[in-house]
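A.B. asks: Attaching a single structure in structure tokens format; questions to follow.
The values are calculated or read from the model by the stated rules, or taken from the named source; none is laboratory data. None of the values given here were measured: they were computed from a predicted structure. Neighbour counts are summed over all protein chains in view; Cβ atoms, including those assigned to glycine, are modelled from backbone coordinates with ideal geometry.
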Amino acid sequence: MCIVKYRLIYSTIAHRTIIIAQSVNVLSGKDIGQTVMTEKDIDNIKKLARTKKHLFDLLAQSVAPSIFGHDYIKKAILLMLLGGMEKNLTNGIHIRGYL
């Protein structure tokens, strides 16, 4: 399925937007952002975590696989995507986990 849409920018340059999809699922408002993980998914994740010594490198290589190199940038993007833990220190300082 291919959807082509034209839009004009500054009324002189035409850009073409192309979306290529295998399938489209319509989500209602309550379904958006909710992923159901099966027991098989959880077992596969645990198995991957146990067997791969360099899991961080493997995940970083999976970020933009068509771009060769730039390993440190890919690792930084991966860390930003995964986020961190929120911390409330004893002296009242709040550290946000999503930075």
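A.B. asks: Of all residues in region 55-70, which are surrounded by 12 or more Cβ atoms within 10 Å (Cβ to Cβ) and farther than 20 Å from residue 45 by Cβ?
C.D. replies: Result: 64, 70.
A.B. asks: Hey, could you check region 7-58 for residues that are modelled with pLDDT under 65 and in a strand (DSSP E or B) and say which is nearest to residue 73 (Cα to Cα)?
C.D. replies: Checking each candidate, the answer is 15.
A.B. asks: Kindly list the number of the only condition in (1) at pLDDT below 80; (2) surrounded by 10 or more Cβ atoms within 10 Å (Cβ to Cβ) that fails for residue 4.
C.D. replies: Tallying (1) at pLDDT below 80; (2) surrounded by 10 or more Cβ atoms within 10 Å (Cβ to Cβ), residue 4 fails exactly one: (2).
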